[in-house]
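Here's the structure we're looking at; comments come further down.
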Amino acid sequence: MTAHAAEPSPLVPPMPERNPKALRAAIAPYTPRLLPDFDEHWKGAIADTYGIGPLPAFLARWWVEFSIARDPDLDAHVADLRRRAEAAEYAETKALLEEVSRIRYSARDLEPGQ
């Protein structure tokens, strides 16, 4: 298993402010394929319920999704890890998915502007 660079390339857009409006505004131009799922999740979890209780979990999920998808190399790397995990034996699958987990975990800690 190869390590992937932790720092995005200069061509990777910076993380937006950590709020749903700024995150959606960043998703639209840079990772538009995420937008339908983002909007559907927003509608079902927040807008239709008129509740803000699920907001932290919503924001945490989409923060990580955007942080990975905004970097095409990282996005491809994560997709490759998942694809390989589907066909691997248990020990390799576990190692591949642990790598995906580490990537997602470090994406969670990114700050606006990074």
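The table below lists the values:
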item: Options R84, R102; residue that is surrounded by 12 or more Cβ atoms within 10 Å (Cβ to Cβ), basic (K, R) and touching a residue at least 12 places away in the same chain (Cβ under 8 Å); result: R84
item: Residue tally, condition at pLDDT 95 or above, farther than 18 Å from G113 by Cβ and not in a helix (DSSP H, G or I), over the stretch 1-46; result: 0
item: Test: residue in the stretch 60-67 that is assigned to a helix (DSSP H, G or I), more than 26 Å from Q114 (Cα to Cα) and of a type in the set (D, E); result: no
item: Scope the stretch 42-60; condition crowded, with 16+ Cβ neighbours inside 10 Å and not aromatic (F, W, Y); matching residues; result: A45, I46
item: Index of the failed condition, S106 passing every other in (1) modelled with pLDDT of 95 or more; (2) among the polar types (S, T, N, Q); (3) over 19 Å from P16 (Cα atoms); result: (3)
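The values are calculated or read from the model by the stated rules, or taken from the named source; none is laboratory data. All of these numbers come straight from a predicted model, not from anything done at the bench. Please note: Cβ atoms are built from the backbone with ideal geometry, for glycine as well, and neighbour counts cover all protein chains shown.
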